[in-house]
Structures are given as structure tokens and as C-alpha cells.
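These notes are about the structure you will find just below.
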Amino acid sequence: MSVLIKNGRIITATDDYVADIFIEDEVVVAIGKNLSHQADTVIDASGKLVVPGGVDPHVHLEMPFMGTFSSDTYETGTRAALYGGTTTVIDFILQKQGNSLQAAFDEWSGRANGNAVGDYSFHMAVTDFNENTKQEIKTMIEKEGITSFKTFMAYKGALMINDTQMIGLMEEVKKHGGLINVHATNGDIIDYLVLKHKNEGKLSPLYHYLSQPEVTEAEASERFVEMSGYTGCPGYIVHLTCEGALNAVRNALYKNQKVFVETCIQYLLLDASLYEKNFEGAKWVMSPPLREKKDQATLWAGINQGIVQVVATDHCPFMWEQKLMGKDDFSKIPNGHPAIENRMELLFSEGVMKNKITLNKFVEVSSTNAAKIFGMFPKKGTIAVGSDADITIIDANEKHSLSSSTHHMNVDYSGYEGWELTGKIKTVLLRGKIAIDNNQCHVNKGYGQFIKRNKVSQYI
Ligand code: URP
Ligand code: ZN
Ligand code: ZN
């Protein structure tokens, strides 16, 4: 099986040139001008942008959470990701407190293996760090290729670990060449504010936002980077939303610490005024919540300053029926919003086309940096000879709009209903196969492979 992509404008994190790409089986075999290779399929990409398939390192598929499950399965979620130009996702396994990491790994693998359409990997969320869990870290890294360990500084009673556990985990993970991901918000302050608002009868989605003020994120981010600096364990803050938290990272970077930052597309584009729409605000109930316009400006600046390396989604969709679980109490609204399909087109339209970021930066934050940080580069995250042929072709000028009536995510609303975008993903290849073309998916469930990852990359 071979494919020749002709005359596309190839954009990587560093390059921008017009050439042909010859693909055989699953990988890129040659790149050059006027290639004469004979191929089974020829794609004319004249006038189009050819970028590496997206890597979204923060998604939650079929995740048991807040008394329900996120509504995209591995099949529907990874297929929707492909429609949106994202060829690899990293999901989060959640250890059940009292159980082993291996048990959680087996449970998640059981749901994903044979069902995913696109490629996937896992972070391991350690929710109960103890002597037994400690022994499993090395196995996860060296045998299973799971090199990143997620921690929660909030969601007490279910997911949160304390600082004693955090330090212990950091020491163990550092010893074996891994990295710690963190949901950095102060769970104790949040729990206090949630209870206070409920006692005062303040129960609408607005109070979800008001229960997680900026200080809860800034404080936890600062504590996390200090612990990461003290132990020397590389850290990665997921879904960072605000100025206060980013400033905590800035201070760590002055000390040359290895701390990476992910924001999510929604924090760049949406703001907290959406919580004033009464219960409709539940569509955007997520943690941390949407912030203010000044925070959006900080995040765009952080991307251009190179201190925000990744734009992910934290895709965690729930049907409207599920959101209604919190109709009378904001603390029961399942947290999360859908975006796995929309991330790259939103970032392209709102970022590149509105001159907030360059094309190279678009590739860097939507694909290359995540592949590097999480040990998949150069297999994933770039277009180069020997790399997996994961390729997204974009018509930069095509206009279209987003809607739940046309999206492929298994969720009955869109957080971006009616948004008019410029730039449409036309064709997507995953490991050399045309996965998406003409708005049709051409690969089946089971095509998606589990990607074992390397230790923290030497590339970043
Ligand atoms: O609201 C969110 N973010 N839901 C998913 C779980 C998490 O905290 O990432
Ligand atoms: Zn989180
Ligand atoms: Zn998340």
C-alpha cells in the first residue's frame, strides 16, 4: 500500500516548503520535489497545507466519573478526533483507591483495545500512592510504555492525593525516567467554597465557577512546581487556565526547572460570562472553569513565549441528560466538555487565521511538543522520513461552521454551536492509510493502535 501526496505546502514545527511525500506501508519513505515514485493512491495537495497529524494528550473516553461515564467511547472518540485532524490521543487511566495500577491498566485496555479507530496511549493517574503502588511504577514505565503519571490536587475522596504522596511519587517517577502530570487546583479551598455556596442556596452553574477562583489554581500550581523542583522530577501541568498559575511556572523556569504547561482550546477562546446563562452554563462546567479575557491574553502570550507548550482539549463529553444530573445543584453536574473534533480547526481559525500564532507554532502546540514531551517523537508529531505517516491536509480558505448536528462526537450539544471557522480539514492519513477524506471515515474500529511511549524525551 503506497500513497503519494503531491505539491502540498508542508509545515512542521520548524519548516515550511512545497514538496511531495511518498508513503509506503505505515511510514514516510521520501520527501522531495517532483518525486517519480509510483503509488497506489495519489493525492493532489496543491494549494493545501500538509501538517503532522494532531496529538491531543488530554482526553477522557468512557471514563467513570461523578456517577456516570463520559459519553464518547474509544470508537466514537478516536473517530471524531480523526475527523478533526488528530491522529493520536492520550487518555487517562484512573487507579481505583485501594486497587493496583495494573488492575486499572487492564480495565482501560479492555475498553480501548480492538475498539479505537485512531492511535492512543495512556497516562496513569495515581490516586493512591503507597508501598504497593510504588513497586508498580517501574513496570508501568519499562514494560507497558506508560511514562507519565497523573496526579490530582483536587477531587478529594476519589482522586486527590496529598503532598506526602506527591513527593513520594515524584521521587519514584524521577528514578525511573518518567514525568508527573498534575491537575493543579487546591481541593480543600474548592471543597470549602462549594459547601459555602450550597449552604447559602447558591446552586446554579455560576457557582461552579465562583467555587474555583484563580487563587485555587495559582496556589496549587506554585506548590506543585516547588515540589517538582525539590525532587527534580519533570512536571507537566494539565489544563492551565490563568495568569496566576502561569506566573508560578515563570518563576520555576527562572530556576531552569523542567516544567511543561498545557492549556486547552476552550481556555483560549471562551470565558466565564457563559456561566451567566442560567442552567445552559452547564455545557461549560469543567474544572478548572473558564476564566476571564485577561487570562486568555496571558495564555496566547504564553504560547508565543514558549512557556505554554501544548494546546489540548481535556475532552470529557457528557450528554445533556447527564448534565441535568446537576439541575438543582452545580456540584453534581458532571465536569467536562467536548472538543476532541474541534481543537485543530478552532486553533487554526482563531489562532493562525487571526494572526495570534504562526503556522509553525500551530504545528508545535497541536502536535510536535506533545509528541516530544510524552516520548513519541519522531514517530509521531512531525513529517519526516521514517516517521509514521500521520498527516492532516487543510484547506486554509474553506469556511464552515460547527454544530452538534454535523459533528461526530457522541454528544448532543456543541460548546461552539454556530461558530464560523476559516480553514477545514479535508484529508487525514493515519499510519499511511487514508482515514478521513471527503467527510467520510475509511478506517474501522480496531485500526487504532496502542502506542508504547519512551522515557521523558531528550528532545525537549
Ligand atoms: O472538567 C474536567 N476537566 N473533567 C475531566 C476531569 C479533569 O479534571 O480533567
Ligand atoms: Zn483535571
Ligand atoms: Zn482531564
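The values are calculated or read from the model by the stated rules, or taken from the named source; none is laboratory data. All figures in this text were calculated on a predicted structure; none of them were measured in a lab. Cβ atoms come from the backbone with ideal geometry, glycine included; neighbour counts cover every protein chain shown.
Table: residues versus (1) more than 19 Å from Leu299 (Cα to Cα); (2) under 24 Å from the mean Cα position of the chain (by Cα).
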position	(1), (2)
Asn186	yes, yes
Thr216	no, yes
Cys242	no, yes
Asn251	no, no
Legend entry - Residue satisfying all of: in the range 287-318; farther than 18 Å from Asn181 by Cα and not in a helix (DSSP H, G or I); farthest from ligand 3 (Cβ to nearest atom) among these: Gly306
Inset, instruction - Check Leu195 against each of (1) more than 22 Å from the chain's Cα centre (by Cα); (2) within 16 Å of ligand 3 (Cβ to nearest atom) and name the one condition it does not meet. - result: (2)
Inset, instruction - Report, by residue number, each residue of the range 230-258 that is over 17 Å from Ala154 (Cα atoms), in contact (Cβ under 8 Å) with a residue 24 or more places away in the chain and in a helix (DSSP H, G or I). - result: Tyr230, Thr231, Glu243, Gly244, Leu246, Asn247, Ala248, Val249, Arg250, Asn251, Ala252, Leu253
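Residue by residue, here is whether (1) within 24 Å of the chain's Cα centre (by Cα); (2) over 24 Å from Phe330 (Cβ atoms) holds:
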residue: Gly118; (1), (2): yes, yes
residue: His123; (1), (2): yes, yes
residue: Phe129; (1), (2): no, yes
residue: Glu142; (1), (2): yes, yes
residue: Ile189; (1), (2): no, no
Inset, instruction - For the range 165-178, enumerate the residues that are more than 16 Å from ligand 2 (Cβ to nearest atom) and not in a loop (DSSP other than H, G, I, E, B). - result: Gln165, Ile167, Gly168, Leu169, Met170, Glu171, Glu172, Val173, Lys174, Lys175
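Look through Ala370, Ala272 and report the one residue that is surrounded by 24 or more Cβ atoms within 10 Å (Cβ to Cβ) and either more than 13 Å from ligand 1 (Cβ to nearest atom) or closer than 16 Å to Ala13 by Cβ (or both). Break it down stepwise before answering.
Details: Ala272 fails: surrounded by 24 or more Cβ atoms within 10 Å (Cβ to Cβ).
Among Ala370, Ala272, only Ala370 is surrounded by 24 or more Cβ atoms within 10 Å (Cβ to Cβ) and either more than 13 Å from ligand 1 (Cβ to nearest atom) or closer than 16 Å to Ala13 by Cβ (or both).
Can you confirm whether Ala384 is more than 20 Å from the chain's Cα centre (by Cα) and within 30 Å of Lys258 (Cβ to Cβ)? I'd like the intermediate steps shown before the answer.
Details: more than 20 Å from the chain's Cα centre (by Cα): yes; within 30 Å of Lys258 (Cβ to Cβ): yes.
So Ala384 fits the description; yes.
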Inset, instruction - Given the conditions (1) within 16 Å of ligand 2 (Cβ to nearest atom); (2) buried (at least 18 other Cβ atoms within 10 Å of the Cβ), report the number of the one that Ala158 does not fulfil. - result: (2)
Legend entry - Flag for Gln305 being free of Cβ contacts under 8 Å to residues at least 40 places away in the same chain, away from ligand 2 (no atom under 16 Å from the Cβ), in contact with a helix residue (DSSP H, G or I) (Cβ under 7 Å, 6 or more places away or on another chain) and closer than 21 Å to Ser366 by Cβ: no
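With the requirement that a residue be part of a strand (DSSP E or B) and out of contact with any Gly (no Cβ under 6 Å at 6 or more places or on another chain), what does the range 150-164 give you?
To start, the set of residues in the range 150-164 that are part of a strand (DSSP E or B) comprises 150-152, 160.
Residues satisfying the conditions are Lys150, Thr151, Phe152.
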Legend entry - Among (1) in contact (Cβ under 8 Å) with a residue 12 or more places away in the chain; (2) out of contact with any Lys or Arg (no Cβ under 8 Å at 6 or more places or on another chain); (3) farther than 29 Å from Glu75 by Cα, the one test that Gln135 misses: (1)
Legend entry - Search result, residues across the range 390-411 that are surrounded by 17 or more Cβ atoms within 10 Å (Cβ to Cβ) and either free of Cβ contacts under 8 Å to residues at least 60 places away in the same chain or over 16 Å from Asp44 (Cα atoms) (or both): Asp390, Leu402, His407, His408, Met409, Asn410, Val411
Legend entry - Met227, sole failed condition from (1) assigned to a loop (DSSP other than H, G, I, E, B); (2) within 28 Å of Asp163 (Cβ to Cβ); (3) away from ligand 1 (no atom under 16 Å from the Cβ): (1)
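Scan the range 119-132 and give yes if some residue there is surrounded by 18 or more Cβ atoms within 10 Å (Cβ to Cβ) and either without any contact (Cβ under 8 Å) to a residue 24 or more places away in the chain or charged (D, E, K, R) (or both), otherwise no.
Step one: list which residues in the range 119-132 are surrounded by 18 or more Cβ atoms within 10 Å (Cβ to Cβ), which gives 119-127, 129.
If we keep only those that are either without any contact (Cβ under 8 Å) to a residue 24 or more places away in the chain or charged (D, E, K, R) (or both) too, we end up with 119.
Yes, that holds for at least one residue.
What's the total number of residues in the range 173-189 that are in contact (Cβ under 8 Å) with a residue 40 or more places away in the chain, buried (at least 17 other Cβ atoms within 10 Å of the Cβ) and more than 11 Å from ligand 1 (Cβ to nearest atom)? Before the answer, list the steps.
First, the residues of the range 173-189 that are in contact (Cβ under 8 Å) with a residue 40 or more places away in the chain: 173-174, 176-185.
Adding the requirement that they be buried (at least 17 other Cβ atoms within 10 Å of the Cβ) leaves 173-174, 178-185.
Okay, now just the ones that are also more than 11 Å from ligand 1 (Cβ to nearest atom), so 173-174, 178-180.
Final tally of qualifying residues: 5.
How many residues are basic (Lys, Arg) and either more than 16 Å from ligand 1 (Cβ to nearest atom) or not assigned by TED's automatic domain parsing to the domain that holds Ile237 (or both) if we restrict to the range 275-315? Working first, answer last.
If we filter the range 275-315 for residues that are basic (Lys, Arg), which is where we start, we get 277, 283, 291, 293-294.
Cutting the leftovers down to either more than 16 Å from ligand 1 (Cβ to nearest atom) or not assigned by TED's automatic domain parsing to the domain that holds Ile237 (or both) gives us 277, 293-294.
Residues flagged as basic (Lys, Arg) and either more than 16 Å from ligand 1 (Cβ to nearest atom) or not assigned by TED's automatic domain parsing to the domain that holds Ile237 (or both) within the range 275-315 amount to 3.
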Inset, instruction - Working only within the range 192-240, note down all residues that are of a type in the set (D, E, K, R) and either crowded, with 22+ Cβ neighbours inside 10 Å or farther than 25 Å from Asp271 by Cβ (or both). - result: Glu217, Arg223, Glu226
